[in-house]
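> Input: one structure, supplied below.
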Amino acid sequence: MTATQPSHRRGQAVDAAIIGATLAVVAEQGTFQIRIDDVAERAGVNKTTIYRRYDSAQELVLAAILDNAAAEIPMPDTGTLRGDLDALVRMVRAALTDPLGRALMQASGGGPLDELRRRYWAERFELASDLISRAVERGECGPVDDAAARIEALVAPIHFRIIQLAGVAEDPLLAATVDRMLAELPPAGGPKT
């Protein structure tokens, strides 16, 4: 970086290096109980640089996971609810089988790790609820009171199969979960559920 480069661009580069280093350390260690020292060394920054941005290692990990999810698991917009849901369940399957996703899902130990997992899923379900909102606007289904809960029910069988049973979520399972959700949605112009 040059001395004439704007400070916000240098800050963005540092942020990106910290996030990238955090993801790499988590993926290598397979745990979210990371040391800030390890991240700082890998990112090429002083640990105080990290602490100025994040209050704790858990906050850093959450930021890195959410940043990664936004980049690697963007909410689909195919133009149809079925297309969006098909794309979403495939992305969820991919995320749950990658080392970072497996570490997130298998993180346990109570306290901050459980909170990390809850916050991650709450944000992802809220974002995914827009898929249903767009479908309502397009007239594909009627209004739904708790779209985030519907998305949660959609991905639960996939999560259970991969994480709890250490299995594989084959395409027929993905299709069945999408079909089930679509069948349970209220019809366009129908009563709100």
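> Answer yes or no: is there a residue in the stretch 135-145 that is of a type in the set (Asp, Glu) and touching a residue at least 12 places away in the same chain (Cβ under 8 Å).
Filtering the stretch 135-145 down to residues of a type in the set (Asp, Glu) leaves 137, 140, 145.
Still in the running and touching a residue at least 12 places away in the same chain (Cβ under 8 Å): 140, 145.
For the stretch 135-145, residues of a type in the set (Asp, Glu) and touching a residue at least 12 places away in the same chain (Cβ under 8 Å): present.
> Another question, then. Filter the stretch 88-107 for residues that are among the small types (Gly, Ala, Ser) and surrounded by 18 or more Cβ atoms within 10 Å (Cβ to Cβ); which is modelled with the highest pLDDT? Before you say what the answer is, go through the steps one by one.
Filtering the stretch 88-107 for residues among the small types (Gly, Ala, Ser) gives 94-95, 101, 103, 107.
Keeping just the survivors that are surrounded by 18 or more Cβ atoms within 10 Å (Cβ to Cβ) gives 95, 101, 103, 107.
Details: Ala95: 81, Gly101: 69, Ala103: 65, Ala107: 57.
The extreme case among them is Ala95.
> Could you please tell me which pairs satisfy a Cβ distance under 9 Å, a separation of 6+ or placement on different chains, a first residue in the stretch 115-126 that is in contact (Cβ under 8 Å) with a residue 12 or more places away in the chain, and a second residue that is of a type in the set (Ser, Thr, Tyr)?
Qualifying pairs under 9 Å: Arg117/Ser108.
> Going through Ala153, Ala149 one at a time, which residue ends up being under 23 Å from Asp67 (Cα atoms), surrounded by fewer than 16 Cβ atoms within 10 Å (Cβ to Cβ) and in the same structural domain as Val178 (by TED's automatic domain parsing)? Show your work before the answer.
Values: Ala153 fails: under 23 Å from Asp67 (Cα atoms).
The conditions single out Ala149.
> Where in the stretch 108-193 are the helices (runs of 4 or more DSSP H), entirely inside, with at least 1 residues that are modelled with pLDDT under 85?
Helices (runs of 4 or more DSSP H) meeting the threshold: 112-138.
The values are calculated or read from the model by the stated rules, or taken from the named source; none is laboratory data. The shown structure was predicted, so the numbers you read here are calculated from the model rather than taken from an experiment. Cβ coordinates were reconstructed from backbone atoms using ideal geometry, including for glycine residues, and neighbour counts include every protein chain displayed.
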